[in-house]
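What follows is a short report on a single structure.
Computed from the coordinates by the stated procedures, all read-outs in this text should not be read as laboratory data. Remember, predicted model here, so these are calculated numbers, not experimental data. Don't worry about glycine lacking a Cβ; one is built from the backbone with ideal geometry, like all the others, and counts go over all protein chains shown.
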Amino acid sequence: MKTLRLITFLVALLVLNSNEFYPQKLTGLQIMEKVYDRPEGNDMTSNLTMTLKNDSGDERVRKIKQFTRDFGTMEKKIMFFISPADVKNTSFMNWSYSRQGQDDDQWIYLPALKKTKRISSESKSDYFMGSDFTYDDLGDRQPNEDSHKLLKEEKYNSDDCYVIESKPEQLDYMYSRTVSWVAKDKWIVLKKEFYDEDGDLLKTLTVKKFENISGILVVTHTEMKNVQKNHQTIMDLKNVNINSGIEDSKFTERIMTRGL
């Protein structure tokens, strides 16, 4: 019996050592959960420049001030358009919830109508203010809303990445699938491809720049290109301030109508 116990102990030890030297690979879901849970600070203020480019090369530039705060069970974001004149004082607010299955709440205030409109579920596939981002893109999609598959590991530019294919659990979702390149040491999606309902490539999001600000990695320059329309939206973030102590009252419909 002593010999049998010794053999059992040695086998168990070998199993433990093999797990140490050959750790199990992360699943697609675990990787996307790490992206979702990446620290972003308690709150953030920033100036956003949104540049829209059409297929003729014409540009429209919009200046935005935005505020974000983590409330624990939800994250709230509010954006105020500063210029040009035709969109000035327009505002947008998004509330994302940590509870599984709870959709984002979104509102937009249009000063010409002097009215705040709630974005319905049916309207979340609409494009936001002429950009290549839908209202849904501006929300905070939870990992469990999709099934995730690790396709491969490869370099994207100079970063070692996981390549993850994500398919929606919701049958009538606007994208049939997305493919994400996730930096292994940063848990940032450096590139993301969006495929339409027919399975054709619709648009590609690329991260051009990120910065370490107050110990937090912040994506400061992204480009979304609609390859079917040959239209592009460039997002450039400046004057980022983290953990400045934004008040709760900043994120209300009343503030949307009042503006900055």
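Observations on the model:
- Loop-located trypsin sites (Lys or Arg not before Pro) in the range 190-257 (DSSP state other than H, G, I, E, B) with a sparse environment of at most 14 neighbouring Cβ atoms within 10 Å: 229.
- Cα shape, the range 28-130, gyration tensor, a/c 1.5 rule: prolate
- Cα centroids of the range 87-150 and the range 228-260: 13 Å apart.
- Taking other C-beta atoms within 10 Å as the exposure proxy, 35, 61, 189 rank 61, 35, 189 from fewest upward.
- Net dipole in debye of the range 25-258 [+1 Lys, Arg Cβ; -1 Asp, Glu Cβ; about Cα centre; nearest 20]: 820 debye
- Qualifying trypsin sites (Lys or Arg not before Pro) in the range 24-119, DSSP loop, other Cβ atoms within 10 Å at most 13: 25, 99, 114
- Sites residue 158 and residue 88 - FRET efficiency at Förster radius 25 Å, r taken between beta-carbons, to 0.05: 0.05
- Sparsely packed loop sites in the range 160-217 (the GluC sites (Glu not before Pro) outside DSSP H, G, I, E and B with at most 15 other Cβ atoms within 10 Å) comprise 169, 197.
- Computed lengthening from residue 115 to residue 239, 0.36 nm per intervening residue step minus Cα-Cα distance: 41.6 nm
- Residue order, fewest to most beta carbons within 10 Å, for 120, 131: 120, 131
- Counting other Cβ atoms within 10 Å as a rough exposure proxy, the listed residues 237, 150, 171 run 171, 150, 237 from fewest neighbours to most.
- Tilt relative to the chain, helix 2-21 - C-alpha long axis, 0 to 90 degrees, to 10: 30 degrees
- Candidate values [x] 0.95; [y] 1.14; [z] 1.07, label of the one derived for Rg/Rh (Cα atoms, Kirkwood Rh): [z]
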